[in-house]
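The values are calculated or read from the model by the stated rules, or taken from the named source; none is laboratory data. Source: prediction; values computed, not measured. Using ideal geometry, Cβ is built from the backbone for each residue, glycine included, and neighbour counts are taken over all protein chains shown.
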Amino acid sequence: KPLVFSGVQPTGNLHLGNYLGAIRKFVALQADNDCIYCVVDLHSITAQLVHEDLKGQIRSIAAAFIASGIDPEKHIVFNQSAVPQHAELAWIFNCVARIGWMNRMTQFKDKAGKDRENASLGLLAYPSLMAADILVYRGTHVPVGDDQKQHLELARDIAMKFNLDFRDNIRATGTGVDILVGDEPVHAYFPMVEPMIEGPAPRVMSLRDGTKKMSKSDPSDLSRINLMDDAETISKKIRKAKTDPEALPSEAEGLKGRPEAENLVGIYAALSDRSKADVLSEFGGQQFSTFKPALVDLAVTVLSPITAEMRRLMDDTAHIDAILRNGGERARARAEKTMAEVSDIIGFLR
Ligand code: TYM
């Protein structure tokens with residue numbers, strides 16, 4: 001049975017990349033799936049240990065989930081540290097995964113920078129905790145932006161190695177199922193997670209440079225649209241967004257080699273649940289001076305109600321805290337079951 005899991009770190013302001021690459025997909029997946037959406041506070045202390053108002057940051061991500069349309073009663077919304085089994089399974093995975101696998105992660109290399117010896121051990125083990133987040137619920141589908149792809153491939157490697165290393169114990173405890181990995185039949189405890197990266201905006205780029213990812217850490221606030229920006233700020237940022245002098249092409253092929261144009265068309269498509277080709281069939285041949293005001297209108301129409309609802313929710317911290325507490329309890333009940341089975345498979349005495 002499919003289970004959707006994804007997480008967002010409570011660091012800095014959410015931006016349009018987080019919304020289109022992740023949260024908007026979370027909302028759409030609710031109709032047909034069992035979904036668990038997590039504010040990954042344990043991950044947020046890997047790169048920077050001390051945070052000002054971490055509690056407030058956690059609440060603001062939960063508020064963004066709910067304001068965007070996630071239903072915390074039908075599905076589960078909680079913060080990671082409320083369910084200790086994430087860290088517990090991550091420890092097991094630290095013993096399954098190899099140091100070489102972690103050293104190859106591009107995000108680790110980027111975040112650790114030149115002084116790798118001085119990065120936290122948690123930053124190196126980050127993908128192991130991420131695999132545990134998903135697999136402690138035996139999650140199968142993970143909606144994320146393109147930047148998380150490598151981490152999800154590692155989660156598959158960890159699941160596969162656990163399944164193979166403990167093959168006999170999985171059989172003996174009767175906890176596994178037969179799955180196909182490629183054409184190989186494997187008796188598995190953990191499923192192979194499927195990344196869900198598709199869509200017109202899997203990687204939203206900076207508004208100042210179409211070759212750089214839109215990111216929380218870009219020093220220029222003009223490079224991103226924040227979920228808390230007001231209409232005037234959104235309008236200013238889109239008007240100032242870098243473009244080339246050509247008119248828009250009438251087919252998606254024509255966006256090749258035009259990263260800024262491709263980015264803005266992708267954003268328009270994702271915000272209106274259309275394909276880039278479809279958007280170009282409407283705007284092909286038109287100048288940015290026509291397209292940009294249409295994009296401003298669309299972005300403000302979609303984002304303003306979310307921003308307003310986020311503000312309203314954040315004023316009622318007791319309500320947000322109650323939602324997270326309730327979600328945490330329901331998540332914990334599921335995670336406890338997995339950890340009891342995992343302990344049994346490994347051979348711990350309980
Ligand atoms: P985080 O908090 O950096 O980002 C949250 C989500 O936003 C997506 N995203 C983007 N998508 C498109 N374009 C962009 N410019 C852009 N920037 C960010 C990210 O891909 C992500 O989906 N490691 C994860 C959090 C995590 C997680 C997990 C995700 C922890 N455990 C388990 C899935 C499953 C992260 O740091 O995301």
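Side notes on the structure shown:
- Candidates Pro245, Pro185, filtered to the one that is in the same structural domain as Ala308 (by TED's automatic domain parsing) and outside any helix (DSSP H, G or I): Pro245
- When we screen Ala22, Ala64, Ala82, Ala90 for residues that are away from the ligand (no atom under 13 Å from the Cβ), small (Gly, Ala, Ser) and either buried (at least 20 other Cβ atoms within 10 Å of the Cβ) or modelled with pLDDT of 95 or more (or both), the only hit is Ala82.
- Sole exception among (1) in contact with a Ser or Thr (Cβ under 9 Å, 6 or more places away or on another chain); (2) within 14 Å of the ligand (Cβ to nearest atom) for Lys242, by number: (2)
- Test for Leu154: is it under 30 Å from Ile346 (Cβ atoms), assigned by TED's automatic domain parsing to the domain that holds Thr11, under 24 Å from the mean Cα position of the chain (by Cα) and outside any loop (DSSP other than H, G, I, E, B): yes
- Residues being out of contact with any Asp or Glu (no Cβ under 8 Å at 6 or more places or on another chain) and either in the same structural domain as Gly266 (by TED's automatic domain parsing) or in contact (Cβ under 8 Å) with a residue 40 or more places away in the chain (or both) - total across the stretch 330-342: 9
- Positions within the stretch 7-57 being out of contact with any Leu (no Cβ under 8 Å at 6 or more places or on another chain), within 20 Å of Leu271 (Cα to Cα) and of a type in the set (Ser, Thr, Tyr), in sequence order: none
- A single entry from Val50, Val96 fulfils the requirement of being exposed (fewer than 14 other Cβ atoms within 10 Å of the Cβ), away from the ligand (no atom under 15 Å from the Cβ), hydrophobic (A, V, I, L, M, F, W, C) and over 22 Å from Ile320 (Cβ atoms): Val50.
- Residue list for the stretch 153-212, filter: of a type in the set (Val, Ile, Thr) and crowded, with 22+ Cβ neighbours inside 10 Å: Ile158, Ile170, Val193, Val204
- Arg274 being in contact (Cβ under 8 Å) with a residue 12 or more places away in the chain, not hydroxyl-bearing (Ser, Thr, Tyr) and not in a helix (DSSP H, G or I): yes
- Restricting attention to the stretch 295-320, the residues being more than 24 Å from the chain's Cα centre (by Cα), of a type in the set (A, V, I, L, M) and loosely packed, with under 15 Cβ neighbours inside 10 Å number 1.
- Number of residues in the stretch 233-269 that are touching a helix residue (DSSP H, G or I) at 6+ places or on another chain (Cβ under 7 Å) and either over 15 Å from Glu282 (Cβ atoms) or among the basic types (Lys, Arg) (or both): the value is 11.
- Yes/no for Tyr126 being part of a helix (DSSP H, G or I) and of a type in the set (Phe, Trp, Tyr): yes
- Given (1) away from the ligand (no atom under 12 Å from the Cβ); (2) within 29 Å of Pro219 (Cβ to Cβ); (3) in contact with a strand residue (DSSP E or B) (Cβ under 7 Å, 6 or more places away or on another chain), index of the condition Leu29 fails: (2)
- Of the listed requirements (1) without any contact (Cβ under 8 Å) to a residue 60 or more places away in the chain; (2) aliphatic (A, V, I, L, M); (3) under 28 Å from Ala62 (Cβ atoms), Leu280 misses just one: (3).
- Here the stretch 191-236 is the region considered, the condition is being away from the ligand (no atom under 11 Å from the Cβ) and within 30 Å of Asp178 (Cα to Cα), and the residue that is farthest from the chain's Cα centre (by Cα) is Pro191.
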